[in-house]
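Comments concern the structure below.
The values are calculated or read from the model by the stated rules, or taken from the named source; none is laboratory data. In this text the structure is predicted, and so the values were computed from the model without any measurement. No Cβ is skipped: glycine too gets one built from the backbone with ideal geometry, and neighbour counts run over all protein chains shown. Just so you know, the surface numbers come from the protein's heavy atoms only, side chains and all, with ligands and any DNA or RNA stripped out. Shrake-Rupley method; radii C 1.70, N 1.55, O 1.52, S 1.80 Å.
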Amino acid sequence: MPIPEDVTGDEIDKDVRQELQSLPKTLAEDVAKNLVMVARLIDEDPEGAYGYSKVALRLASRVAAVREAAGFAAYANQKYAEALAEFRAARRMTGGVELWPVMADCERGLGRPEKALDMAGAPEVHKLDKAGQVEMRLVAAGARRDMGQLDAAIVTLQSPELASNAVQPWTARLRYAYADALLAAGRQGEAREWFAKAVEADKDGSTDASDRLAELDGVEFVDALDEDENEDGVDAGEQAPADAEDGDKE
């Protein structure tokens, strides 16, 4: 697959670069460039990221960072069995536990929420850092919802991290998940409160909490282009509804 000229491979994390030092220099550079492309594309073009991950995997399947990148690329494409296999391989190579939550979420994706819950109660969870433990809590709550256990999902999310006023990288997602679970349980007032708290913490727009909050408040968004066309009478063949001017527009 083509690599843009601006990609040198030096963009990768220093720990990954150190892993690649076990490879011949030219090969390490090629692998690094493909890993950079995986990271660059995984959010906007997951299929493209997956393609580059397969190239890196073909070149250096014995490098843990490559197996991990391949796992995340497969995960982004909802190829959960493949992702789980790659994460397991990476974990065998490193002996670390960082991938435990996403491995559990793969089990959810494969329709095995019970297995995800088993993993949430495993000793490995106690070895995770705070971010990993919060992620594991999110996965466990999702598994409870998969099983139709809404109240249990809500309780699972209730934690010191949720109650804290401090904003951490995981705060918006944790508050959002809690609000969503409350709404699913019919507790709309509480859900609105927590969606609002999620908005406060979501500085980079990682969730659609603001949209969910607007929906609960009955705010209707109107496409500005469509509105202009209606005002200018561009589409003369269509009659606007008689009560269109009476509708609330935000």
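Residue check: is GLU135 surrounded by fewer than 21 Cβ atoms within 10 Å (Cβ to Cβ), in contact (Cβ under 8 Å) with a residue 24 or more places away in the chain and either of a type outside the set (Asp, Glu) or at negative phi (or both)?
On the way: surrounded by fewer than 21 Cβ atoms within 10 Å (Cβ to Cβ): no; in contact (Cβ under 8 Å) with a residue 24 or more places away in the chain: yes; either of a type outside the set (Asp, Glu) or at negative phi (or both): yes.
It is false that GLU135 is surrounded by fewer than 21 Cβ atoms within 10 Å (Cβ to Cβ), in contact (Cβ under 8 Å) with a residue 24 or more places away in the chain and either of a type outside the set (Asp, Glu) or at negative phi (or both).
For segment 63-95, filtered to residues that are aliphatic (A, V, I, L, M) and more than 23 Å from LEU20 (Cα to Cα), the residue that is most open to solvent (accessible area, probe 1.4 Å) is ALA81. Scanning segment 41-61 for residues that are without any contact (Cβ under 8 Å) to a residue 12 or more places away in the chain and of a type in the set (Lys, Arg) yields one hit, ARG58. All of ARG62, ARG58 fail the test of being of a type in the set (Lys, Arg) and not in a helix (DSSP H, G or I), apart from ARG62.
Pick from GLU98, GLU124: which is of a type in the set (Asp, Glu), open to solvent by 20 Å² or more (accessible area, probe 1.4 Å) and in a loop (DSSP other than H, G, I, E, B)?
Numbers: GLU124 fails: in a loop (DSSP other than H, G, I, E, B).
Only one candidate passes the filter, namely GLU98.
In this structure, is LEU59 touching an Asp or Glu at 6+ places or on another chain (Cβ under 9 Å) and not β-branched (Val, Ile, Thr)? Spelling it out, LEU59 is indeed touching an Asp or Glu at 6+ places or on another chain (Cβ under 9 Å) and not β-branched (Val, Ile, Thr). Scoring MET147 on the criteria (1) closer than 20 Å to THR207 by Cβ; (2) touching a residue at least 24 places away in the same chain (Cβ under 8 Å) leaves a single failure, condition (1). The set of residues in segment 153-176 that are crowded, with 17+ Cβ neighbours inside 10 Å and over 15 Å from MET136 (Cβ atoms) comprises ILE154, THR171, ALA172, ARG175, TYR176. Checked across segment 102-114, the condition of being assigned to a helix (DSSP H, G or I) and under 12 Å from GLU68 (Cβ atoms) holds for at least one residue. Restricting ALA83, ALA89, ALA120, ALA104 to those that are under 21 Å from GLU47 (Cα atoms), among the small types (Gly, Ala, Ser) and at pLDDT 95 or above reduces the list to ALA83. Annotation: of all residues in segment 138-147 being open to solvent by 20 Å² or more (accessible area, probe 1.4 Å) and within 15 Å of ASP180 (Cβ to Cβ), the one that is nearest to the chain's Cα centre (by Cα) is LEU138.
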